[in-house]
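Participant: Before anything else, here's the structure in question.
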Amino acid sequence: MAAAIRGTSVCRLRPGWRLQWEEAQQRHVLLYPEGMVQLNDTAGAILGELDGQRDVEAVIGLLEARYPEAPAGAIGQDVHDFLVEAAQQGWIQHD
Amino acid sequence: MTDRSDTAAINAHSGAPLWLLAELTYRCPLQCAYCSNPLDFAGVREELSTEEWLDLLAQAREMGAVQLGFSGGEPLVRQDLEQLVAEARRLGFYTNLITSAQGLDEARIAALRDAGLDHIQISLQASDPDVAAAVAGSPKAHARKLAMARAVKAAGYPMVLNVVLHRHNIDQLDAIIALCDELGADAVELANCQLYGWAHLNRAGLLPSREQLEAAEATTVRWRERLAEKGRAMDLLFVVPDYYNDRPKACMGGWGSIFMTVAPDGAVLPCHSARLLPMTFPSVRDRPLREIWYDSEAFNRYRGDAWMQEPCRSCDERHRDVGGCRCQAYLLTGDPAATDPVCSLSPDHHLIEAARREAEGGVGTVGELIPRNVHESRVFCRS
């Protein structure tokens with residue numbers, strides 16, 4: 001079984017998958033062999049910060065700085081919940 | 001409910017074509033008897049030039065297309081493939097090469113990688129070399145496929161293997177999946193052959209019996225469990241032959257909804273089989289792609305639900321399955337606007353039941369299938 005995602009985990013997109021902003025659709029999409037996931041704003045923002053170097057805490061920090069009006073702790077919870085879901089869906093990998 | 005709002009519901013995204021299948025050529029070194037190319041492919045000579053393809057890719061991308069499949073025929077026959085891939089990638093397409101692996105070698109894999117190709121899908125005909133050779137009409141193709149599958153994986157690509165299933169290989173599914181596992185596939189499409197084009201011509205020799213199909217589904221379920229147990233991420237996608245369903249598939253997500261194919265000569269189609277329909281499709285040589293997609297009579301003919309006949313017209317499920325497949329309706333009933341006979345509510349459903357009964361009997365051999373080649377194709381070419 002895959003390890004749990006922690007604050008020190010580094011997440012990255014599955015190899016060969018690509019995150020991209022689609023002007024025609026006005027949203028981020030996740031592209032993979034012969035398929036596409038259409039992402040909402042939150043998912044797009046989180047995946048956009050996964051560079052294969054930053055750990056989850058760093059990603060949360062960046063997003064908290066970008067959205068200072070968000071309630072304390074809310075972004076951290078959103079990021080964690082989303083990454084768990086994304087890992088289950090096989091969109092991302094983590095150590 | 002108005003027709004216009006129905007069309008909007010089916011084209012719920014932006015109405016743009018998200019998927020472009022670029023059939024670069026009808027030329028192919030193999031002769032698979034289930035090929036989806038038109039029977040009269042030999043009559044198509046004037047392939048689009050490199051410049052025409054480059055222009056078309058830019059047009060499609062500007063319209064919102066983002067998934068791009070390079071297919072054929074065998075796309076590797078085109079020596080400008082790397083150039084087309086590079087431009088497609090630069091434009092922002094996710095680029096898929098859908099290939100038999102004939103014409104592929106390590107050098108070309110590296111060149112495609114440099115061009116930015118995102119994914120290579122290789123087709124396998126069987127696990128057994130003899131069956132593979134008989135289906136593809138080539139004794140050497142199978143070994144090349146296996147070698148290239150390993151090379152593709154070694155080059156770091158995500159690899160999808162596609163196996164077209166039919167009555168002559170479906171009983172070997174266990175060995176086929178084992179082979180795909182050994183080759184390191186990330187995903188396997190176990191696609192029961194769709195009965196269009198050459199496959200429709202060969203239907204009696206291809207459609208598996210219900211017993212064969214059920215055994216294959218059970219094998220797939222067993223393998224999914226086995227793969228999960230050993231923590232191996234290899235997705236198995238099993239596509240049932242719709243002849244064994246009681247409701248039709250929502251073909252292509254709806255006519256002219258998200259998908260378009262451009263044929264080797266520039267004809268623009270709502271799917272790769274549509275050329276068999278008794279209608280004329282516009283060409284990118286004559287009109288801009290945007291105009292073809294949004295305004296042409298051909299692309300609007302089966303959009304929405306105003307074209308539907310009974311029993312579809314008053315059916316609650318008509319937006320779920322969009323009446324099924326126009327090609328199948330035409331091939332089986334002669335009327336492209338008829339309800340897909342796969343539907344148990346169709347007055348023509350007995351045609352499907354007859355095909356199922358036929359599949360319970362006849363045993364025919366692989367050698368009796370009509371191969372897809374230029375010689376056989378000329379029989380179907382109109383002057």
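The values are calculated or read from the model by the stated rules, or taken from the named source; none is laboratory data. Keep in mind that this is a model prediction, so the values were computed, not measured. All Cβ positions, glycine included, derive from the backbone under ideal geometry; neighbour counts span all protein chains shown.
Participant: Restricting attention to segment B:17-34, which residues are over 30 Å from B:G205 (Cα atoms) and surrounded by fewer than 19 Cβ atoms within 10 Å (Cβ to Cβ)?
Facilitator: none
Participant: Restricting to segment B:262-271, name every residue that is in a loop (DSSP other than H, G, I, E, B) and touching a residue at least 60 places away in the same chain (Cβ under 8 Å).
Facilitator: Matches in segment B:262-271: B:A263, B:P264, B:D265, B:G266.
Participant: When you go through B:V135, B:V85, B:V77 one by one, which is the residue that is touching a Gly at 6+ places or on another chain (Cβ under 8 Å), among the β-branched types (V, I, T), surrounded by 23 or more Cβ atoms within 10 Å (Cβ to Cβ) and closer than 26 Å to B:R275 by Cβ?
Facilitator: Matching residue, one of B:V135, B:V85, B:V77: B:V85.
Participant: Would it be correct to say that B:L124 is within 13 Å of another protein chain (Cβ to nearest Cβ) and either buried (at least 24 other Cβ atoms within 10 Å of the Cβ) or touching a Lys or Arg at 6+ places or on another chain (Cβ under 8 Å) (or both)?
Facilitator: So B:L124 does not fit the description; no.
Participant: Hey, another quick one. List the pairs whose first member sits in segment B:326-352 and is of a type in the set (D, E), whose second member is surrounded by fewer than 21 Cβ atoms within 10 Å (Cβ to Cβ) and assigned to a helix (DSSP H, G or I), and whose Cβ atoms are under 7 Å apart, counting only residues at least 6 apart or on separate chains?
Facilitator: Qualifying pairs under 7 Å: B:D348/B:T333.
Participant: Can you name the number of the only condition in (1) farther than 21 Å from B:G197 by Cβ; (2) exposed (fewer than 12 other Cβ atoms within 10 Å of the Cβ) that B:E317 fails?
Facilitator: Every condition holds for B:E317 apart from (2).
Participant: Can you name the residue in segment A:32-84 that is more than 30 Å from B:M159 (Cα to Cα) and of a type in the set (D, E, K, R) and is also surrounded by the fewest Cβ atoms within 10 Å (Cβ to Cβ) among such residues?
Facilitator: Among those that are more than 30 Å from B:M159 (Cα to Cα) and of a type in the set (D, E, K, R), it is A:E69.
Participant: If the Cβ limit is 6 Å and pairs must be 6+ apart or interchain, which residue in segment B:202-223 that is in contact (Cβ under 8 Å) with a residue 24 or more places away in the chain and within 12 Å of B:G361 (Cα to Cα) pairs with which residue that is assigned to a loop (DSSP other than H, G, I, E, B) and of a type in the set (G, A, S)?
Facilitator: From residues that are in contact (Cβ under 8 Å) with a residue 24 or more places away in the chain and within 12 Å of B:G361 (Cα to Cα), the pairs are B:A204/B:G362; B:G205/B:G364.
Participant: Could you check segment B:272-383 for helices (runs of 4 or more DSSP H) lying wholly inside it with 1 or more residues that are of a type in the set (S, T, Y), under 30 Å from B:A22 (Cβ atoms) and modelled with pLDDT of 95 or more?
Facilitator: Here the list reads B:289-295, B:326-333.
Participant: Are any residues in segment B:74-130 under 27 Å from A:L30 (Cβ atoms) and part of a strand (DSSP E or B), and if so, which ones?
Facilitator: B:Y94, B:T95, B:N96, B:L97, B:I98, B:T99, B:H119, B:I120, B:Q121, B:I122, B:S123
Participant: Enumerate the helices (runs of 4 or more DSSP H) found wholly within segment B:146-224, keeping only those where 2 or more residues are within 30 Å of B:P278 (Cα to Cα).
Facilitator: Per the criteria, B:197-201, B:203-206.
Participant: Report whether or not B:N37 is under 18 Å from the mean Cα position of the chain (by Cα), within 14 Å of chain A (Cβ to nearest Cβ) and either within 21 Å of A:G16 (Cα to Cα) or crowded, with 17+ Cβ neighbours inside 10 Å (or both).
Facilitator: Here the answer is no, as B:N37 does not meet what is asked.
Participant: State all residues of segment B:88-121 that are without any contact (Cβ under 8 Å) to a residue 40 or more places away in the chain, surrounded by fewer than 20 Cβ atoms within 10 Å (Cβ to Cβ) and in contact with a helix residue (DSSP H, G or I) (Cβ under 9 Å, 6 or more places away or on another chain); if no residue qualifies, say none.
Facilitator: Correct list: B:R89, B:L91, B:G92, B:R108, B:A111, B:D114, B:A115, B:G116.
Participant: Could you identify the single residue in B:A191, B:A199, B:A204, B:A218 that is more than 14 Å from chain A (Cβ to nearest Cβ) and within 17 Å of the chain's Cα centre (by Cα)?
Facilitator: The unique qualifying residue is B:A199.
Participant: Let me ask another. Is it true that some residue in segment B:166-180 is within 14 Å of chain A (Cβ to nearest Cβ), crowded, with 22+ Cβ neighbours inside 10 Å and either in contact with a Leu (Cβ under 9 Å, 6 or more places away or on another chain) or within 30 Å of B:V342 (Cβ to Cβ) (or both)?
Facilitator: No.
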